[in-house]
Amino acid sequence: MEPRERLPQIVIVVAVIQLIFSLFGVIAGLLLMFGGAILGGLLAGNTSDAAILSFIGFLLALLLSSLSIVQFASSIGLFSIQKWAWYGTVVTQAIGLLLNVIWIFTGNLPAIFGVAIGIAILWVMLQFDTRRVFGLRI
């Protein structure tokens, strides 16, 4: 049995950062899902508007939670050098980067930090040494 490849330190940092942010994302998604639906129902005067706004908020929160759960699983997989974790990290970070860019254009300037983190994580994951450790030839 040949010795296992050692995980680069920077990938460990990426996994920890992604793990922390994914936990925040799951918590935020759950709070938005349930709290937003209740608050939307209480604050809206028109019941059809309240239902539509609550449903849209629920879908956005579901998207955030789903993306965060995949990020969480990918973070765990990065520690054990799983090829699927590399793919999961790249895909979720690309989606997150796209969402952060959209949020910047809608006036949410603090999303620029999400863009910077997303670019940094994608840069690390696309490095030759990182791809080699995960057994990728791309």
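Selection over the stretch 85-135 of residues that are β-branched (Val, Ile, Thr), over 20 Å from Gln9 (Cβ atoms) and surrounded by 18 or more Cβ atoms within 10 Å (Cβ to Cβ) gives a count of 1. Among all residues of the stretch 61-75, there is none that is surrounded by fewer than 16 Cβ atoms within 10 Å (Cβ to Cβ), under 16 Å from Ile10 (Cβ atoms) and in contact (Cβ under 8 Å) with a residue 60 or more places away in the chain. With a requirement of 3 or more residues that are modelled with pLDDT under 90 and more than 20 Å from the chain's Cα centre (by Cα), the helices (runs of 4 or more DSSP H) lying completely within the stretch 41-138 that satisfy it span 47-79.
The values are calculated or read from the model by the stated rules, or taken from the named source; none is laboratory data. Just so it is clear, the model here is predicted, and its values are computed rather than measured. So basically every Cβ, Gly included, is an ideal-geometry build from the backbone, and we count neighbours across all protein chains shown.
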